[in-house]
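For reference, the structure discussed in these notes is given below.
The values are calculated or read from the model by the stated rules, or taken from the named source; none is laboratory data. Predicted model only: the values in this text are computed from it and were never measured. Every residue, glycine among them, receives a Cβ derived from its backbone with ideal geometry; neighbour counts consider all protein chains shown. For accessibility, only protein heavy atoms count, side chains too; no ligands or nucleic acids. Shrake-Rupley method; radii C 1.70, N 1.55, O 1.52, S 1.80 Å.
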Amino acid sequence: MPVITCIEDLRVLAKRRVPRMFYDYADAGSWTEGTYRANESDFQAIKLRQRVAVNMENRSTRTTMVGQPVAMPVAIAPTGLTGMQHADGEILAARAAKAFGVPFTLSTMSICSIEDVAEATKAPFWFQLYVMRDRDFIERLIDRAKAANCSALQLTLDLQILGQRHKDIKNGLSTPPKPTLANILNLMTKPRWCLGMAGTKRHSFGNIVGHAKGVGDLSSLSAWTAEQFDPGLSWADVEWIKKRWGGKLILKGIMDVEDARLAVNSGADALIVSNHGGRQLDGAPSSIQALPSIAEAVGRDIEVWMDGGIRSGQDVLKAWALGARGTLIGRSFLYGLGALGEAGVTRCLEIIHKELDLTMAFCGHTQIQNVGRDILLPGTLPRAL
């Protein structure tokens, strides 16, 4: 077993252990993948101010996200097909998040169902909702999230239509994998993954199959998902969902100040500056580039969070300094899950927390709540949009 010291170590190990189509699904962006790469590289361009002879005792990264105490300003983002990175992946990630003290978000397009995760963790988690044309199905999803004691609803706004991801098309992405020669040969090189999948009954979209009308088996699923994402989604739908849900509402996919102001007007509790990990509109700015202007415009009226490109605790600290009061990690935890299962998600969180804690101290602070933009070198900040 290699020594795991950073998220990149987990990525390398996950690439070895996860079937190609599912690793590529997690690791790819749309079209040229320019926005996907910028999400990471724009973080790296921001430089930190090191301070010395500062008392570094009694450090704390603790804060809150929509009123929920968290060990650090990090939550696990909703990711589709998480249970294809590792058998029962959503359950394992939720357990790791609970033990570490950060929120877990379950995707509508998860392999393990809402009920699976609720039964396995016995702790509140967040649920992410896509808006489908079938409003009756949406109402029942919301009711199921309530019954599972989900403590917040995360509404994704930037997937009304699907961005083209070349690798998914070339790999013939499906769940479970189709028994083609190429897939069989690839699976033969992933014995750990195959053994895990043989030991679970969860191989398809648990929130959909058996719950949505006309989706009783795998053959009807792909056609249903292609038809159901609603291109007519509007702010009126956000208002309807907020009323139906009645609890904490988080809006994901905000990249523009005007949309951020509309998010405030909707009565949401938090918004997430996010370009969907570079998986939707290629050529859009990075999330960290879009963050400062949105935080400055609405940060006093709503909690502003961000996701996209976070691969270290330093990235979390930089986002906090630029106005994010929470961050979400997607690929980072998926690498850990694919590499080592639940232990890999825990290792991912440990790595990010240690990097956040040490970097905060080197920058002259002991409490995350007191960190401001002054820890960043002015000439290296993202360009204003």
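Couple of notes before you dig in:
- Environment charge at His365 (Cβ cut-off 9 Å; Lys +1, Arg +1, Asp -1, Glu -1): +2
- R0 of 41 Å, Cβ-Cβ distance Asn55-Ala99: FRET efficiency to nearest 0.05: 0.85
- Cut-off under 5 Å, modelled amide H: who pairs with Thr108 long-range: Gln128, Tyr130
- For the range 130-170, size of Cβ-based charge dipole, Lys and Arg +1, Asp and Glu -1, in debye: 200
- Expressed as a whole percent, the accessible area of the range 245-351 that falls on carbon and sulfur atoms is 43 (1.4 Å probe).
- Cα gyration tensor category, rounded, prolate or oblate, for the range 107-239 with a/c compared to 1.5: oblate
- Above-threshold pairs, the threshold being 23 Å between Cα atoms, out of Lys178/Lys201; Lys146/Lys242; Lys122/Lys178; Lys146/Lys213: Lys122/Lys178
- When you filter the trypsin sites (Lys or Arg not before Pro) in the range 152-212 for DSSP loop state and at most 10 other Cβ atoms inside 10 Å of their Cβ, you are left with Lys201.
- Applied to the range 303-311, the Karplus parametrisation 6.51 cos²θ - 1.76 cosθ + 1.60 on θ = phi - 60° returns per-residue 3J(HN,Hα) values of 5, 10, 10, 8, 9, x, x, 6, 10 Hz, with x for Gly and Pro.
- The chain, relative contact order [Cα under 8 Å, separation at least 6], %: 29
- Top positive-direction residue, dipole computed over the range 206-295 with Cβ charges, set Ser286, Trp224, Leu249: Leu249
- Residues whose amide H falls under 5 Å from that of Ser60, counting only those 5 or more places apart or on a different chain, are Gln367, Ile368, with hydrogens built in the peptide plane.
- Value of [θ]222 nm, deg cm²/dmol, for the chain, DSSP H segments ≥ 4, -39500 (n - 2.57) each, nearest 500: -12500 deg cm²/dmol
- Rounded to the nearest 20 debye, the dipole size of the range 237-385 about its Cα centre is 140 debye, using +1 on the Cβ of Lys and Arg and -1 on the Cβ of Asp and Glu.
- A 1.4 Å probe run over the chain, with the rest of the protein chains in place, finds 41 Å² accessible per residue.
- The chymotrypsin sites (Phe, Trp or Tyr not before Pro) of the range 319-369 include none that DSSP puts in a loop with a beta carbon having at most 11 other beta carbons within 10 Å.
- Accessible surface of Thr156 - all protein chains present, 1.4 Å probe, nearest 10 Å²: 10
- For a straight C-alpha distance cut-off of 17 angstrom, the aspartates and glutamates reachable from Lys248 (same-chain residues fewer than eight places away being disregarded) are Glu139, Asp143, Asp237, Glu239, Asp269, Asp301, Glu303.
- Cut-off under 5 Å, modelled amide H: who pairs with Ala152 long-range: Phe127
- Of the trypsin sites (Lys or Arg not before Pro) in the range 315-385, those whose Cβ has at most 10 other Cβ within 10 Å and which sit in DSSP loop: Arg383
- Here the chain is treated with +1 on each Lys and Arg Cβ and -1 on each Asp and Glu Cβ, and its dipole about the Cα centre works out to around 760 debye.
- Cβ-based charge dipole, the range 66-198, positive-most Cα from Ser113, Ser151, Phe137: Ser113
- Accessible carbon and sulfur surface of the range 165-233 relative to its total accessible area, %, 1.4 Å: 63
- Cα lying deepest toward the dipole's positive end in the chain, options Ala263, Val3, Gly336, charges on Cβ: Val3
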